[in-house]
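Asks: Submitted below is the structure of interest, expressed as structure tokens.
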Amino acid sequence: MEISAKFYRTPFLDALSKLPAHTIVFSKSGQSVNAAELYQKSIALANGLREKGFKEKDRIVIIVPAGKEFLEIFFAVNLLKGMMAIIDPEMGRDNFESKLKQFNPQWMFIDSRLLLLKENSLLLYLYMKFSNHPFYFSFNNKAAVIATGKKMPLRGNYLNYSTLYSAPTQAISFEDNTDEEFMVTYTSGTLAEPKGVVHSVQSLFKSLLKIKDVLSSYNNIRLAAYLPHFLLFGIGSGNPVFLFDKDKSPKWILRFFEKNNITGLFGPPSFYIALIDYCKKQNRLLPASLQLIILGSAPVHPKFVEMLYDVAPPHTKVLCLYGMTENLITCSIDGRDKINSTHPGDIVGKPFEGNVFLIADDGEILIQSPQLFSRYLHLQDRETPHHTGDLGYFTDDGLLVLNGRKKDMIIRRDTNIYPAIYEKTIKNIPGVDEAALVGIYSEEKHDEEVYLVVESEKYSETELMKLLKAGKYSIDKEALPDKIVFMKIPLSGRQNKVDRKIIRQQLIK
């Protein structure tokens, strides 16, 4: 049934339509897709979804691994003027369900293997019992569920992804759509009021253009990626992207880079730790093909950059980015300049063109830019300029330096952890009198370690960790502590608030 052949044109679609016909994505399974095929498949998927009842501003949730299907869904939602959210089921049952309830999707794209797990109680039991990182997800919200990936023996009334393609039979027409709200990324908040960061098509695309500008000065860039949104960097810049599994061994990953002649990498510092250690043990360097390593999504410490340079080929450039979920890319600095800086604090470099920074009276960094998010999902508007929560100052030559945080926050790997969200859940566990999460930077890991300090005489560390991983008191997987310490928690001030400074001092001793 032909509903309409009119779709919405966005900068993402324009960029895709202008790419040459060469392959742009190489998947982990060996499959590949070129720009022309991706463009046509996305239109066919969008048309098929509309035939099934998809309407403008419908909301979808994607629980799909990086690859061809993820990209097709991304572009199809663009074409239909929908809104999408990537809600990670590994964040814990309560967190996942609260975000799903707030977003209230009409459609959910879910990997068929997860649906099979959900339907089969024995498989689910074995998975929860033996998996190192089990996670929970639900879709009991009347959304239409679309099974993606390999065909599985499913009993539920799901739509099959492969049957949705329906190429329009009429001539296609386009209407511009540049500034509609498009993607929601959950960063923090409480179970009662999750904090979803809403970006428009335009704000996301402008961030993509910043990456394109960075890559434009390099020849024959071939990017390696393991996260879905990294795929868009390649498409936006016209460079091929090779997908890989970051949980493979360092030896396997380095061979993958060499085999595919990878010239560019993008990722948080935590990804490189195992590669650095392996290279040092084997007395070797990273592949000679590497021209550029971009570090972002988490703080980049000078000592880590020094370690990376120790195993990088002499010609490889390291670029450190500073950004946040609300404004993805704001500043950059060359890795050697970061190492050699004598300014007190964490120097993050020169602002990209269009980013306007202000320093408030209390030292908080404020920002206004075309890349800035639209609003938080639970609010109608956002404040202008945006209050980042970071403290900092500018040097005489216009470089931004961070020197602390205004709010309690831990950044481990590429995740922001707000202690107050999880402490409330932990303190509700019977037998736990008080609890506090604190972050302490580890020189060995080159990352923050999360300590859970607890007042309790009822549990062992193993017993408490089991409660935090699954069940009624489970918390976000990314917030699970590296260490649990049982001790009397110091309080200070008239309101007897937890004194995190004293806790850190006691733990460091």
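Asks: Hey, among Phe244, Phe182, Phe233, which residue is within 17 Å of the chain's Cα centre (by Cα), crowded, with 19+ Cβ neighbours inside 10 Å and at pLDDT 90 or above?
Replies: Working: Phe244 fails: at pLDDT 90 or above; Phe233 fails: at pLDDT 90 or above.
Answer to the selection: Phe182.
Asks: Do we have any residue at all in segment 39-60 that's surrounded by 19 or more Cβ atoms within 10 Å (Cβ to Cβ), part of a strand (DSSP E or B) and modelled with pLDDT of 80 or more?
Replies: Yes.
Asks: Being touching a residue at least 40 places away in the same chain (Cβ under 8 Å) and either in a loop (DSSP other than H, G, I, E, B) or surrounded by fewer than 12 Cβ atoms within 10 Å (Cβ to Cβ) (or both) is the filter here; which residues of segment 483-509 pass it? Walk me through how you get there before you give the answer.
Replies: Of the residues in segment 483-509, the ones touching a residue at least 40 places away in the same chain (Cβ under 8 Å) are 489, 498, 500, 503-504, 507-508.
Listed by number, the residues that qualify are Ile489, Ile508.
Asks: So Asn219 ticks every box in (1) open to solvent by 30 Å² or more (accessible area, probe 1.4 Å); (2) under 18 Å from Met83 (Cβ atoms); (3) polar (S, T, N, Q) but one. Which box is left unticked?
Replies: For Asn219, the exception is condition (2).
Asks: Inside segment 303-314, can you point out the residues that are touching a helix residue (DSSP H, G or I) at 6+ places or on another chain (Cβ under 8 Å) and touching a residue at least 40 places away in the same chain (Cβ under 8 Å)? Please lay out each step first, then the result.
Replies: Narrowing segment 303-314 to residues touching a helix residue (DSSP H, G or I) at 6+ places or on another chain (Cβ under 8 Å): 304-311.
Those that are touching a helix residue (DSSP H, G or I) at 6+ places or on another chain (Cβ under 8 Å) and touching a residue at least 40 places away in the same chain (Cβ under 8 Å): Phe304, Met307.
Asks: Can we say Lys212 is basic (Lys, Arg) and closer than 27 Å to Arg9 by Cβ? Outline the logic, then answer.
Replies: Working: basic (Lys, Arg): yes; closer than 27 Å to Arg9 by Cβ: yes.
Judged against the criteria, Lys212 is a match.
Asks: Asp381 - would you say it is open to solvent by 70 Å² or more (accessible area, probe 1.4 Å) and out of contact with any Gly (no Cβ under 7 Å at 6 or more places or on another chain)?
Replies: Working: open to solvent by 70 Å² or more (accessible area, probe 1.4 Å): yes; out of contact with any Gly (no Cβ under 7 Å at 6 or more places or on another chain): yes.
For Asp381, the condition - open to solvent by 70 Å² or more (accessible area, probe 1.4 Å) and out of contact with any Gly (no Cβ under 7 Å at 6 or more places or on another chain) - is met.
Asks: So, Ile365, is that one among the hydrophobic types (A, V, I, L, M, F, W, C) and either part of a helix (DSSP H, G or I) or in contact (Cβ under 8 Å) with a residue 40 or more places away in the chain (or both) or not? Please lay out each step first, then the result.
Replies: Details: among the hydrophobic types (A, V, I, L, M, F, W, C): yes; either part of a helix (DSSP H, G or I) or in contact (Cβ under 8 Å) with a residue 40 or more places away in the chain (or both): no.
No.
Asks: Something else now. Can you spot a residue in segment 472-482 that is in a strand (DSSP E or B), over 18 Å from Val498 (Cα atoms) and among the aromatic types (Phe, Trp, Tyr)?
Replies: Taking segment 472-482 and keeping what is in a strand (DSSP E or B), we get none.
No, the conditions are met nowhere in segment 472-482.
Asks: Against the condition assigned to a loop (DSSP other than H, G, I, E, B), farther than 28 Å from Ile410 by Cβ and among the small types (Gly, Ala, Ser), how does Ala298 come out, does it pass?
Replies: Values: assigned to a loop (DSSP other than H, G, I, E, B): yes; farther than 28 Å from Ile410 by Cβ: no; among the small types (Gly, Ala, Ser): yes.
Answer is no for this residue.
Asks: So, in segment 390-400, exactly how many residues are closer than 14 Å to Ala360 by Cβ and surrounded by fewer than 18 Cβ atoms within 10 Å (Cβ to Cβ)?
Replies: Residues in segment 390-400 being closer than 14 Å to Ala360 by Cβ and surrounded by fewer than 18 Cβ atoms within 10 Å (Cβ to Cβ): 2 in total.
Asks: Has segment 172-179 got at least one residue that is over 22 Å from Ala44 (Cβ atoms) and in contact (Cβ under 8 Å) with a residue 40 or more places away in the chain? Spell out how you get there, then give the answer.
Replies: Of all residues in segment 172-179, those over 22 Å from Ala44 (Cβ atoms) come to 178-179.
Among the residues that remain, those that are also in contact (Cβ under 8 Å) with a residue 40 or more places away in the chain are: 178.
Yes.
Asks: Another one. Which residues, taken from segment 308-331, are modelled with pLDDT of 95 or more, open to solvent by less than 50 Å² (accessible area, probe 1.4 Å) and either assigned to a helix (DSSP H, G or I) or among the small types (Gly, Ala, Ser) (or both)?
Replies: Leu308, Tyr309, Val311, Ala312
Asks: Let me ask something additional. Looking only at segment 401-454, filter to residues that are open to solvent by less than 50 Å² (accessible area, probe 1.4 Å), closer than 30 Å to Glu306 by Cβ and of a type in the set (Ser, Thr, Tyr); which one of those is modelled with the highest pLDDT?
Replies: Across segment 401-454, the extreme among qualifying residues is Tyr451.
Asks: Report, by residue number, each residue of segment 455-469 that is part of a loop (DSSP other than H, G, I, E, B) and surrounded by fewer than 15 Cβ atoms within 10 Å (Cβ to Cβ). Explain how you work it out, then say what you get.
Replies: Initially, segment 455-469 is screened for residues part of a loop (DSSP other than H, G, I, E, B), giving 456-460.
Those that are part of a loop (DSSP other than H, G, I, E, B) and surrounded by fewer than 15 Cβ atoms within 10 Å (Cβ to Cβ): Glu457, Lys458, Ser460.
Asks: State all residues of segment 96-106 that are crowded, with 21+ Cβ neighbours inside 10 Å and within 11 Å of Lys142 (Cβ to Cβ); if no residue qualifies, say none.
Replies: Hit for segment 96-106 is Pro105, nothing else.
Asks: Still on this structure, I have one more. Is it the case that segment 256-265 has a residue that's assigned to a helix (DSSP H, G or I), aromatic (Phe, Trp, Tyr), within 24 Å of Ala85 (Cβ to Cβ) and open to solvent by 20 Å² or more (accessible area, probe 1.4 Å)?
Replies: Kept after step one, since they are assigned to a helix (DSSP H, G or I), are these residues of segment 256-265: 256-259.
Cutting the leftovers down to aromatic (Phe, Trp, Tyr) gives us 256-257.
This time we only want the ones that are within 24 Å of Ala85 (Cβ to Cβ), so: none.
No, there is no match, as no residue in segment 256-265 is assigned to a helix (DSSP H, G or I), aromatic (Phe, Trp, Tyr), within 24 Å of Ala85 (Cβ to Cβ) and open to solvent by 20 Å² or more (accessible area, probe 1.4 Å).
The values are calculated or read from the model by the stated rules, or taken from the named source; none is laboratory data. All values reported here derive from a predicted model rather than from experimental measurement. Don't worry about glycine lacking a Cβ; one is built from the backbone with ideal geometry, like all the others, and counts go over all protein chains shown. Calculation scope for accessible area: heavy atoms of the full protein, side chains included, ligands and nucleic acids excluded. Shrake-Rupley method; radii C 1.70, N 1.55, O 1.52, S 1.80 Å.
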